[in-house]
Amino acid sequence: MNKLTADLTVSKAKLDEIADFFVKTATSSLAKQTERGIPMIPTYVTKLPTGKEKGVFLACDLGGTNFRCCSVVLNGDGTHKITQDKCHIPEEVLNAKSHVEFYDWLASCIGDFVAKQHPNWKSDQGKLRMGVTFSYPVNQTGLNRGTLVRWTKKVNVPDAVGRDVCVDFQTAMDRRNIPVYIAALINDTTGALLARSYMAGESVHTLLGMILGTGTNAAYMEDVAKITKLPAGTTQHKTMAVNTEWGSFDNDLQVLPTTRFDAAIDKLTLNPTVHMFEKRISGMFMGEILRQMLCELHGKGLIFKNLPAGSLDKPFGIDTATPSQIEADASSDNIEVKAIMRDVFGINPTSEEAHAVRKLSHGIGKRAAYLVAGAIGGVVNLTNALEKYQYIDIGGDGSVYEFYPGFEKHMREALRLLYGEATEKRFKFGIVKDGSGIGAALCASLSAEEA
Ligand code: ADP
Ligand code: MG
C-alpha cells in the first residue's frame, strides 16, 4: 500500500526534468512539426483581449454529442452575458452521407437560434459575427480557414474530410440566408486562454489557458519569431496563440513517470503509445488508474475479501468522479467513502480498506496536479514569463480541475518545489466557466477590430 502511493510521488528533481524537457521538445516543435513530438499548433489568434471588448457575438461548439449555440454579450469591462441552446446531434447527422447534409443541419440550428435570440436582427445591420469552437483535428491556415484532417469521437462524414470547415459551414448558412459570418475557428483551450484574459483585464497578463476534463490541453501566447515552422509572411503580428496539444507531451516517455498501472492502461486504449501525458492526468484515465491499483491489491488478497465477482473487472469501469468524491470525504470514519464503495463496488469495506482507497485516490490526484505543474513550469520557462510579468495568470476549465479535491493546492506545492515560495505566490489560478463560448465570441470580436 505504502509502496503504491510512493510510486505516485513526483520529486523536485523529476519536476525540474519535466519542465526542462518541455522547453526542449516544445522549442523543436515550434521550428518543425514532428511525428511524435508535442504538436504546438499555431492558432492564428494574434492577440489577447484587453477586457474592453464590447458587442454581441455568436459562438457555437461542436462536441461529440451536442452542438451548442451561444449568444454572448461582451460588456467591455471584463464581464459578459451568455445565452445558450444545446442541440442533440441525431444519429443520421453524425453519419450524414455528405458534408452538405451535415453542415446544413448545423446551419439550421444556428438559424433557429438566431431567429429566437435575435428576432429583430436585420440584414442591413450586417452579419452577426460568430466564433466556432471545433474540437477535431484541423489543419488551420488562417483564423477562419482550416481543413479537416479527420473526424474523431462520434462524427463520421467521410466526404467532409480534407475540406475547409469554415467554407462548407458558411456556404450552408448562406444557402439559408442566415445573417451570420464565421469570423474564427478555434479550439476550447484557446477559448479558455482568451476568456480568462478578458476577465483578468488589461493589467494582468494571462499566461495559459488549460483544459482538464475528459482530456487535457493548454494554449499560450508565443512570439511569432519563435514559431519558425510558420511560412514566412504568414502574419504581420508579433505574437500568436499556440495550441500545445500537451496531452501528447513526451509520448516517448523520456521524463514522465510510468508505473506498471500506466503501462497496463496504455495497452487497453485505442491509441497506444500516444497521448501519454493525458493518460496520467485526465478524467478519462484517473479512475482507471485507481481500478488497476485496486485489482492488484485484490489479486494479492490484500483487500476486499468479499468482493462480488467481476465488480472490478471492467476496463474504464471507474469514473474519475469516484476517486474525486472519495478524496473529498474528510471525515475521520470515512462514511462517504464507504457509501461510495457500496454503490460503485458493491462491498461493505472495512475502515482500513476505506482509508486505503482514499489514500490511493489522493495519490492519483496529487500526481496529476504535480505533472500539470511540471508542464506549466515548462511554458513559464519557455516564455521567460517570470522575468516578464509580475503575475503568472492561468485559467483552467474542466471537471478535473474544478472538482478534484486539492488540485490547485497540489499544483502550488509542486510550483514551490520548482521555484520557491516567493515565486509560487506570483501564480494566480482561476476557473473559466463557459470558456469555449466566451473565447469564440472574443475571437470573433478581435478579428473584427482587425478587419
Ligand atoms: P468535457 O471534457 O467533455 O469538456 P468535463 O470537463 O466535465 O467535460 O470533464 C469530464 C471528465 O471529468 C470525465 O472524464 C469525468 O470522469 C470527470 N469528472 C466528472 N466529475 C468529476 C468530479 N467530480 N471530479 C473529478 N472528475 C470528474
Ligand atoms: Mg470541456
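Quick look at the values:
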{"item": "Hey, residue 289 aliphatic (A, V, I, L, M), touching a residue at least 12 places away in the same chain (Cβ under 8 Å), within 16 Å of ligand 1 (Cβ to nearest atom) and touching an Asp or Glu at 6+ places or on another chain (Cβ under 9 Å) or not", "result": "yes"}
{"item": "Enumeration of residues in segment 377-409 that are over 23 Å from the mean Cα position of the chain (by Cα) and part of a helix (DSSP H, G or I)", "result": "386, 387, 388"}
{"item": "Residue tally, condition assigned to a strand (DSSP E or B) and exposed (fewer than 15 other Cβ atoms within 10 Å of the Cβ), over segment 22-42", "result": "0"}
{"item": "Some residue of segment 284-296 being more than 23 Å from residue 370 (Cβ to Cβ) and more than 16 Å from ligand 2 (Cβ to nearest atom)", "result": "yes"}
{"item": "Filtered residues of segment 322-378 (kept if closer than 27 Å to residue 393 by Cβ and of a type in the set (Val, Ile, Thr))", "result": "372, 376"}
{"item": "Of all residues in segment 191-222 being assigned to a loop (DSSP other than H, G, I, E, B) and within 11 Å of ligand 1 (Cβ to nearest atom), the one that is nearest to residue 430 (Cα to Cα)", "result": "213"}
{"item": "Residues within segment 160-184 that are assigned to a helix (DSSP H, G or I) and either under 23 Å from residue 270 (Cβ atoms) or at pLDDT below 95 (or both), tallied", "result": "1"}
{"item": "When residues of segment 199-228 are limited to those that are modelled with pLDDT of 95 or more and over 29 Å from residue 284 (Cβ atoms), the one nearest to ligand 2 (Cβ to nearest atom)", "result": "227"}
{"item": "Given (1) surrounded by 21 or more Cβ atoms within 10 Å (Cβ to Cβ); (2) away from ligand 2 (no atom under 16 Å from the Cβ); (3) closer than 25 Å to residue 190 by Cα, index of the condition residue 424 fails", "result": "(1)"}
{"item": "Any chance residue 157 is without any contact (Cβ under 8 Å) to a residue 24 or more places away in the chain, surrounded by fewer than 23 Cβ atoms within 10 Å (Cβ to Cβ) and of a type outside the set (Gly, Ala, Ser)", "result": "no"}
{"item": "Verdict on residue 408 being among the acidic types (Asp, Glu), within 16 Å of ligand 1 (Cβ to nearest atom) and in contact (Cβ under 8 Å) with a residue 24 or more places away in the chain", "result": "yes"}
{"item": "Any hit, segment 440-448, residues being small (Gly, Ala, Ser), within 16 Å of ligand 1 (Cβ to nearest atom), part of a helix (DSSP H, G or I) and at pLDDT 95 or above", "result": "yes"}
{"item": "Segment 25-38, residues that are modelled with pLDDT of 95 or more and within 22 Å of the chain's Cα centre (by Cα)", "result": "25, 26, 27, 29, 30, 38"}
{"item": "Verdict on residue 412 being in a helix (DSSP H, G or I), over 30 Å from residue 314 (Cβ atoms), at pLDDT 95 or above and charged (D, E, K, R)", "result": "yes"}
{"item": "Within segment 253-322, helices (runs of 4 or more DSSP H) holding 1 or more residues that are at pLDDT below 95 and not basic (Lys, Arg)", "result": "283-299"}
{"item": "Among the residues listed as 364, 347, the single one being at pLDDT below 95 and either in a helix (DSSP H, G or I) or surrounded by fewer than 22 Cβ atoms within 10 Å (Cβ to Cβ) (or both)", "result": "347"}
{"item": "Conditions (1) in contact with a Ser or Thr (Cβ under 6 Å, 6 or more places away or on another chain); (2) at pLDDT 95 or above; number of the one not met by residue 59", "result": "(1)"}
{"item": "Cβ pairs under 6 Å, 6+ apart, first in segment 336-347 and in contact (Cβ under 8 Å) with a residue 40 or more places away in the chain, second surrounded by 13 or more Cβ atoms within 10 Å (Cβ to Cβ) and among the polar types (S, T, N, Q)", "result": "345/311"}
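Here is a yes/no grid of residues against (1) away from ligand 1 (no atom under 14 Å from the Cβ); (2) touching a Lys or Arg at 6+ places or on another chain (Cβ under 9 Å):
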position	(1), (2)
321	no, no
334	yes, yes
340	no, no
348	yes, yes
387	yes, no
403	no, no
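Listed here are the residues, each with its yes/no results for (1) outside any loop (DSSP other than H, G, I, E, B); (2) aliphatic (A, V, I, L, M); (3) closer than 16 Å to residue 433 by Cβ.
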residue: 47; (1), (2), (3): no, no, no
residue: 51; (1), (2), (3): no, no, no
residue: 55; (1), (2), (3): yes, no, no
residue: 58; (1), (2), (3): yes, yes, no
residue: 61; (1), (2), (3): yes, no, yes
residue: 67; (1), (2), (3): yes, no, no
residue: 77; (1), (2), (3): no, no, no
residue: 93; (1), (2), (3): yes, yes, no
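A quick yes/no check of all residues on (1) of a type outside the set (A, V, I, L, M, F, W, C); (2) touching a helix residue (DSSP H, G or I) at 6+ places or on another chain (Cβ under 6 Å); (3) in contact (Cβ under 8 Å) with a residue 40 or more places away in the chain; (4) surrounded by fewer than 20 Cβ atoms within 10 Å (Cβ to Cβ):
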site	(1), (2), (3), (4)
383	yes, no, yes, no
389	yes, no, yes, yes
413	yes, no, yes, yes
416	yes, yes, no, yes
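The values are calculated or read from the model by the stated rules, or taken from the named source; none is laboratory data. As the structure is a prediction and not an experimental result, all values here were calculated from the model. Glycine gets a Cβ as well: all are built from the backbone with ideal geometry, and neighbour counts include every protein chain shown.
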